[in-house]
Amino acid sequence: MGSGTGNWISAFLEAAAAELGAATNTQLAYGRDLKDFAAYLARQSHDFASAGRGEVENYLVHCDAQGLARSTRARRLSAIKQLYRFAFEEGLRGDNPAIQIAGPGQDKRLPKILSEEEVDRLLTAARGSGRTRADRLRNVCLMELLYATGMRVTELVSLPIAATRGDPRLLLISGKGGKERLVPLSPPARDALAEWLEERDRMDGAARAKRKPVSRFLFPSRGKSGHLTRHRFYLLIKEFAVSGGVDPGKVTPHTLRHAFATHLLANGADLRAIQTMLGHADVATTEIYTHVLEGRLSELVLERHPLARETREGADSQEG
């Protein structure tokens, strides 16, 4: 197992602990499962970076042949899927080879979805959060930008202030691997950004007067990175969930990214436009969001189709 493979596992486990709130036992199980998968790939002259869907499926067949319980095989596939989702989000791979593989006796897992009303409650909670006015303006800007653009949390917290100057209608986001994309900003996001920039400029002016350095990041921090960390943002949105009356188990940076995509799709946006805004290399990755349309289309047919209307009216007259 090469150092690259070990680095992938440790980076994933670190993110699982910070972003997903994975317990120690869960992390240990993920680690064991991924090391077993890595050892199998090494025997096939592959690693995490080079394996395709075929290698993942062959590994599951290998696990079945070993007589492993269905629950164990399901857990191993879950670990592999989460690793590749993390690798894709972080730009370590341009595709996710495990996304369409169904588990033993299980359907493909869909992302947890927040309703528009739940997102509104999170945004309202952000407006009332924080010890100072600056905290509140920063928190609102964080949430509005994330929901308006569907950015990855790493892209959000490391956004340079220079990219946000001039009241932009479009925001240039630099993803992993130096890939850039343009995403439109909603009016509420532009308002929140303008207010936060005004506060930032005031804070920077005060810092310069004291001959202190100022940060190049939109969301600065005194920490080593110079900007707000992923972990700190994760804790912030959990706080917004609690104060906004939203189930904290449903709220992560990923679920807000999912909310951005599903709400756009449900309101008629084009799938390929969403793919571009999310920075997905393959539209197949974006297609997981089409499930939100199923309920909406069924509802439209029942409400609008003339035959359905006649059937409903006939039933009403019989009842009368």
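Some observations on this one:
- Among helices (runs of 4 or more DSSP H) entirely within segment 110-162, having at least 2 residues that are under 19 Å from Gly178 (Cβ atoms) singles out 153-157.
- Residue ID - nearest to Ile9 (Cα to Cα), chosen from residues in segment 36-95 that are of a type in the set (Asp, Glu) and open to solvent by less than 40 Å² (accessible area, probe 1.4 Å): Glu90
- Test: residue in segment 53-62 that is aromatic (Phe, Trp, Tyr) and closer than 27 Å to Leu156 by Cα: no
Conditions (1) of a type in the set (A, V, I, L, M, F, W, C); (2) within 24 Å of Arg230 (Cα to Cα), marked per residue:
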{"site": "Glu180", "(1), (2)": "no, yes"}
{"site": "Pro184", "(1), (2)": "no, yes"}
{"site": "Pro187", "(1), (2)": "no, no"}
{"site": "Arg190", "(1), (2)": "no, yes"}
{"site": "Ala194", "(1), (2)": "yes, yes"}
{"site": "Glu199", "(1), (2)": "no, yes"}
{"site": "Met203", "(1), (2)": "yes, yes"}
{"site": "Arg211", "(1), (2)": "no, no"}
{"site": "Ser215", "(1), (2)": "no, yes"}
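- The one condition from (1) in contact with a strand residue (DSSP E or B) (Cβ under 7 Å, 6 or more places away or on another chain); (2) within 25 Å of Ala15 (Cα to Cα) that Ala163 does not meet is (2).
- Elements of type helices (runs of 4 or more DSSP H) in segment 222-316, at least 3 residues being at pLDDT below 75 and open to solvent by 60 Å² or more (accessible area, probe 1.4 Å): 291-304
- The residue of segment 147-185 that is most open to solvent (accessible area, probe 1.4 Å), among those that are over 21 Å from Ile237 (Cβ atoms) and in contact with a Phe, Trp or Tyr (Cβ under 7 Å, 6 or more places away or on another chain), is Pro160.
- Selection from segment 120-146 of residues that are over 18 Å from Val246 (Cβ atoms), touching a residue at least 40 places away in the same chain (Cβ under 8 Å) and surrounded by fewer than 18 Cβ atoms within 10 Å (Cβ to Cβ): Arg133, Ala134
- Checked against the criteria, Pro187 does not count as out of contact with any strand residue (DSSP E or B) (no Cβ under 6 Å at 6 or more places or on another chain), at pLDDT below 90 and on the phi < 0 side of the Ramachandran plot.
The values are calculated or read from the model by the stated rules, or taken from the named source; none is laboratory data. In this text the structure is predicted, and so the values were computed from the model without any measurement. So basically every Cβ, Gly included, is an ideal-geometry build from the backbone, and we count neighbours across all protein chains shown. For the accessible areas, the whole protein counts, side chains as well, though only heavy atoms, and no ligand, DNA or RNA atoms are used. Shrake-Rupley method; radii C 1.70, N 1.55, O 1.52, S 1.80 Å.
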